Structures are given as structure tokens and as C-alpha cells.
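Data first, discussion second: the structure below is written as C-alpha cells.
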Amino acid sequence: MTLALALAVNGCGGTPEPAALARDADAIVAVGTTGVQARVVDEAAGTNRVAVAGRADSAGVEPVSSDGYFRIGSVTKTLVATVVLMLVGEGRLTLDDTVQQWLPDMVRGNGNGGASITVRNLLQHTSGLHDSMPDMATAEDYYRLRYQARTPEQAVASAVAQAPDFAPGTGWSYSNVGYVVLGLIIEKVSRRPWYDEVSTRILEPLGLRDTRWPGDVPTLPTPHAKGYNQFAADGPMVEVTELVDADASGGYLSTTADLGTFYRSLLGGKLLRPEQLAQMRGTVPADGVIAQVWPGGRAGLGLFSVPLSCGGVYWMHNGGQTGYLTNAAVTEDGRRSAVVSLSGTLAVGEDPLHSKGFTQLQAANALIDHALCGE
């Protein structure tokens, strides 16, 4: 049984939310997700709608908090891309700069070459760098690795120990390590940690006090729903709340309110100069699993465009980080945002397109589509 709650908050106080958002949140729980929180903000209408479903703890009855913290995973990449494009707008680097220019000899060997990989390639996942992330395929892996953090240099070294997937600019493949490299480039340009640049340039100006860099702290602030992960099809949900896994590919903690504000500000033109926002929105076709989960999806620079069922597209990024799954999305004009956080990730297995994990993602996508189409 699910526990669903939906409220609409505006200047006049709370009123009952139309059933669609609560129904869509319940549908995500119905496929096996432990907990869900969703928030839809429409600046033009002056509405801030919230729905929660499921439980904050699989062993208890406490509902999910509508203001709970969660690991945003790869949604971090949009923050990183925004900082990079701010630096481009200031003339401190260009999208055609190469990795070799900023990080001499870091990316080389086994067919890899930093001299042929540009900043644009890294942002748009066209670098060809082979992803080599820590493998948590089992609960035993999680317990062994959950407190072991890799340095950015170790992550890059692990990637270039493998041959590239393709020559830079000749293909498309989602690459976490590409954003680790971008974090290092930001530090080289700014001469301070990349996450300090995120804080100074984005979080502080927008008042995003609940978006936090955890560093090597494995716990989440209160309130939060516990994270669960199903490692094998039909296997149990294992609690995986504690984790040390924070880098420029996916490290931040946040809330649905903060993420919605960030994406509305970004697409609304409040963070980037017009030229850089246009560069961010320049897309190429996505491939692989991304194209299967989001048919028609196209990759920009730290963002993806996805067709809406009601016409047009929305801009988004998805984030998955052991036990938590997030979709953050916004309309083209930046006026309506929808953010949904799932605490409980289901197994993909050997047949991803017929797995519970795929069904879970599709349910989250449906909530986003309905919310942005105004259903």
C-alpha cells in the first residue's frame, strides 16, 4: 500500500492538488520504488505543487518528506557545465580548447590523446573516453566500496587505461569521466576547487542553501528518505543510504525545490549570457541506453532535450546514484519545472528494456511529461 500526499502551495496557502501528480507518484511506487517526492513549479501561474508517495524507510510507516535531501547524481553535470560556460563567456577558456592545453599529458596512452579532445567534446559526451567507474554490482560490492573515494586523477587514470570508445567527435557515448576532467579544468582555470566555483557562481546568487557538496561525508542531512538498491532482478531491496562518491560527474546533495529553481533560472536566462545558453542548447543525437529511455532525446552541453507528448521539447538531466534516482526538467522558456526524486532503484539486469529498472524510469518520465504538459 502506498501513502500519497499532494499539496499546492502559493501565496494564499495550501490547497488540494489535482489528482494527476499524486497519481503519477503512486504509479512510480507501484512498480517497486520505496519512496517518491515530486515538485512542479509554474512561475506564470504562481503555483508550487508537491506530491509524495511511499515510505521514507521500508521498515517503517513514516512518509517521504516533500523537502527531503537526496543524492542528485549526474544532475551535478548541469551545474558543472554551467560553470564551464560562464568561464567561456568571460573569455577564460573556449569550447575548442583541448584537454592537453589545460591538463598536459593527463589523458594519454592506449589510443587516448588529450590533444584531440575539446572542452565541447567533454561537455557533450563526444570525447570517446571510456567510462571506468567503480562497479557496485552486488550488495557485497557496496559494503566493500561505499567509503572508498577515488581522486579525480585516479578516475582519469582508470579510464585511459582502456582504449577509447571512438575517436573524439566521431561518435556519442555517455561518459562520467569526461565531467571529472571538466572539474579539473575548472580548477586549473579558476585556481580553486570546482565545487567552490559552483557555490560562488550558482548556489549563492540563487539562494540555493539546500544544495550541498558532501565531500567525504557519507551521510545525508535531515530530513531524508533512506536509499535502497535492488542489485539483482527479483532480489531484495538493500539499504544503501551511506556513500562516499562525490566528484564532478555526480556528487551533490539537494532538494526538489532547489533543483527546480536552478533549472528555471538556467533556461530562463538568469545564469548564462545568451550566446552561451545557445551553445548549451546546441544538440547532437544521443545514443545507447539514453536513446532507449528517452526516445528522440538529444544531447546538449550538460543538458538533454526530450520531446513532449503535447509538442515541443523540455530540457532535463537525469541522475542515478546508488539508491537514488532523480529527473530534473524544465520547459524551454524556463517558466515551469518538474523534479522527481526516487529513493529506491530497481534492477536493470541482462535485459534492460524489459526490466523493472526500465519500467521505473518510464514511470518517472511519465510524471515529468504530464507535469510539463499541464496535465
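The values are calculated or read from the model by the stated rules, or taken from the named source; none is laboratory data. Since we're looking at a predicted model, the values are computed, not measured. Counting neighbours? That spans all protein chains shown, and the Cβs are built from the backbone with ideal geometry, glycine included. Each accessible area value is taken on the protein alone, full model and side chains, heavy atoms only, with ligands, DNA and RNA left out. Shrake-Rupley method; radii C 1.70, N 1.55, O 1.52, S 1.80 Å.
The single condition among (1) over 25 Å from Ile290 (Cβ atoms); (2) in a loop (DSSP other than H, G, I, E, B); (3) polar (S, T, N, Q); (4) open to solvent by 30 Å² or more (accessible area, probe 1.4 Å) that Gln162 does not meet is (1). For the range 189-203, check the following and say yes or no: at least one residue is open to solvent by less than 40 Å² (accessible area, probe 1.4 Å), modelled with pLDDT of 95 or more and part of a loop (DSSP other than H, G, I, E, B). The answer is no; no qualifying residue exists.
Note on the range 288-305: residues that are under 15 Å from Leu372 (Cβ atoms) and either of a type in the set (Phe, Trp, Tyr) or in a helix (DSSP H, G or I) (or both) total 2.
Taking each residue of the range 223-240 that is open to solvent by 70 Å² or more (accessible area, probe 1.4 Å) and looking for partners that are of a type outside the set (Gly, Ala, Ser) with beta-carbon atoms closer than 6 Å, six or more apart or interchain, yields Glu239/Lys226; Glu239/Tyr228. Could you tell me whether His125 is at negative phi, buried (at least 19 other Cβ atoms within 10 Å of the Cβ) and touching a Gly at 6+ places or on another chain (Cβ under 9 Å)? Considered against the rule, which asks whether it is at negative phi, buried (at least 19 other Cβ atoms within 10 Å of the Cβ) and touching a Gly at 6+ places or on another chain (Cβ under 9 Å), His125 comes out as no.
Within the range 42-68, the set of residues being closer than 22 Å to Val29 by Cβ, among the aliphatic types (A, V, I, L, M) and touching a residue at least 60 places away in the same chain (Cβ under 8 Å) comprises Val50, Ala56, Val64. Screening Tyr179 on (1) assigned to a helix (DSSP H, G or I); (2) open to solvent by 50 Å² or more (accessible area, probe 1.4 Å); (3) touching a residue at least 24 places away in the same chain (Cβ under 8 Å) shows it passes everything except condition (2). Apart from one condition, Val313 fits all of (1) modelled with pLDDT of 95 or more; (2) closer than 19 Å to Val80 by Cβ; the exception is (2). Taken as a whole, the condition of being surrounded by fewer than 22 Cβ atoms within 10 Å (Cβ to Cβ), over 24 Å from the mean Cα position of the chain (by Cα) and at pLDDT below 95 applies to Asp105.
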